[in-house]
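The values are calculated or read from the model by the stated rules, or taken from the named source; none is laboratory data. These numbers come from a predicted model, not from an experiment. Note that each Cβ is placed from the backbone with ideal geometry, even for glycine, and that neighbours are counted across all protein chains shown.
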Amino acid sequence: MTRILATGTFDLVHPGHIAFLEEAKRLGDELFVIVSRDSTIKHKQKPVIPEKQRLAIVSSLKPVDCALLGSEKDMFEPLQEIRPDIIVLGFDQHFDEKDLSKELEKRNFHAKIIRLSQNTDFELSSTRKIIMKVKSLKNKK
């Protein structure tokens with residue numbers, strides 16, 4: 001049984017998220033998803049949707065077998081339980097594969113890392129684009 005791990009913020013779930021999770025699921029038998037904690041998001045604006053609500057949404061998505069909130073202490077902590085065979089990165093996720101691979105080895109995890117390409121042509125396939133569109137509509141009133 002091949003365990004796949006995907007991670008992300010999953011704020012304002014959109015077609016890009018769905019495509020990412022569907023493609024990740026096709027790589028194995030079980031898809032585990034770690035939803036970022038509000039307190040650990042440093043590389044972009046804080047989410048609009050609170051973490052427990054984002055977790056509930058991601059948990060309900062068809063490709064997802066198990067979703068959980070990430071650790072507030074160590075992002076690698078949930079991997080102890082999950083023991084993924086493959087870690088899937090989205091095309092726009094801010095991870096350096098070489099650095100991630102070194103850290104996994106150091107912690108005795110032997111998961112393969114796969115970066116997926118962008119696979120959706122929807123206009124509003126990012127949270128940032130959705131927020132910009134809402135703001136532009138609000139400004140037109």
> Which is β-branched (Val, Ile, Thr), without any contact (Cβ under 8 Å) to a residue 24 or more places away in the chain and out of contact with any Lys or Arg (no Cβ under 7 Å at 6 or more places or on another chain), of Val48, Val134, Val64?
Replying inline: Val134
>> For the range 69-117, which positions are closer than 13 Å to Val33 by Cα and small (Gly, Ala, Ser)?
In response: Gly70, Ser71, Gly90
> Is it fair to say Asp65 is more than 14 Å from Arg128 (Cβ to Cβ), charged (D, E, K, R) and either modelled with pLDDT of 90 or more or more than 11 Å from the chain's Cα centre (by Cα) (or both)?
Replying inline: yes
>> Checking the condition under 11 Å from the mean Cα position of the chain (by Cα) and on the phi > 0 side of the Ramachandran plot, which residue from Phe32, Phe20, Phe10 passes?
In response: Phe10
>> Report every pair of residues separated by at least 6 positions or lying on different chains whose Cβ atoms are under 9 Å apart, first residue within the range 92-104 and free of Cβ contacts under 8 Å to residues at least 40 places away in the same chain, second surrounded by 12 or more Cβ atoms within 10 Å (Cβ to Cβ) and in a helix (DSSP H, G or I).
In response: Asp92/Gly16; Leu104/Leu79
> Restricted to the range 1-45, and to residues that are small (Gly, Ala, Ser) and within 26 Å of His110 (Cβ to Cβ), which residue is surrounded by the fewest Cβ atoms within 10 Å (Cβ to Cβ)?
Replying inline: Gly28
> Name the residues in the range 46-73 that are part of a loop (DSSP other than H, G, I, E, B), surrounded by 13 or more Cβ atoms within 10 Å (Cβ to Cβ) and either out of contact with any strand residue (DSSP E or B) (no Cβ under 9 Å at 6 or more places or on another chain) or among the polar types (S, T, N, Q) (or both), would you?
Replying inline: Pro47, Val48, Ile49, Ser71
